[in-house]
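The values are calculated or read from the model by the stated rules, or taken from the named source; none is laboratory data. This one's a predicted model, so the numbers in the text were calculated from it and none came from an experiment. Cβ atoms come from the backbone with ideal geometry, glycine included; neighbour counts cover every protein chain shown. Just so you know, the surface numbers come from the protein's heavy atoms only, side chains and all, with ligands and any DNA or RNA stripped out. Shrake-Rupley method; radii C 1.70, N 1.55, O 1.52, S 1.80 Å.
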Amino acid sequence: MLTGLLLGAGILLCPLATAVTGWGSPLRALAGLLIFGGWMLVLAAFDAGPGDVKLAAGIGWWLAWMSWWVFLAGVAAALLGMAATLMANRWFRDRPRSPLGPGIVAGLLIGVLATAWLN
């Protein structure tokens, strides 16, 4: 439910914020949603669940709305975080499936920090 709210808030608030401030791009945000959400949809065939797909789509929207650099930094960090989670759970805990949400949220935080660093 929270992942849907994240995406819905982005779809409603980002175009409004762009109209008021002139900052950000809803069209770029849509591309980010399709890229990161689509990638997670492909991974859903192997290890990701529907919540991970919705979370990635929402985070892709928010990160790409800010800038392409923020999107790239956030998605790269999310992919590394997800890989680390998968490896740790499979090697150390002998579990075939892993929660990917923490790695995806870490990517959002690193992407937002990249915004502060780039500006």
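Among Leu108, Leu72, the sequence by solvent-accessible area, most first, with a 1.4 Å probe is Leu72, Leu108. The Cα center of the range 2-23 and the Cα center of the range 58-107 differ in position by 22 Å.
Residue-wise HN-Hα couplings along the range 78-94, as the Karplus relation 6.51 cos²θ - 1.76 cosθ + 1.60 with θ = phi - 60° gives them from phi, are 5, 5, 5, x, 5, 5, 5, 5, 4, 5, 5, 5, 7, 7, 8, 10, 6 Hz; Gly and Pro carry x.
Charges were assigned to the Cβ only: +1 to each Lys and Arg, -1 to each Asp and Glu. The resulting dipole of the range 4-101 about its Cα centre is roughly 120 debye. For the range 31-39, backbone phi angles converted through the Karplus equation (6.51, -1.76, 1.60; θ = phi - 60°) give residue-by-residue couplings of 5, x, 4, 5, 5, 6, x, x, 4 Hz, Gly and Pro being listed as x. Rounded to the nearest 500, the helix-only mean residue ellipticity at 222 nm of the chain stands at -28000 deg cm²/dmol, with each DSSP H run of n ≥ 4 adding -39,500 (n - 2.57).
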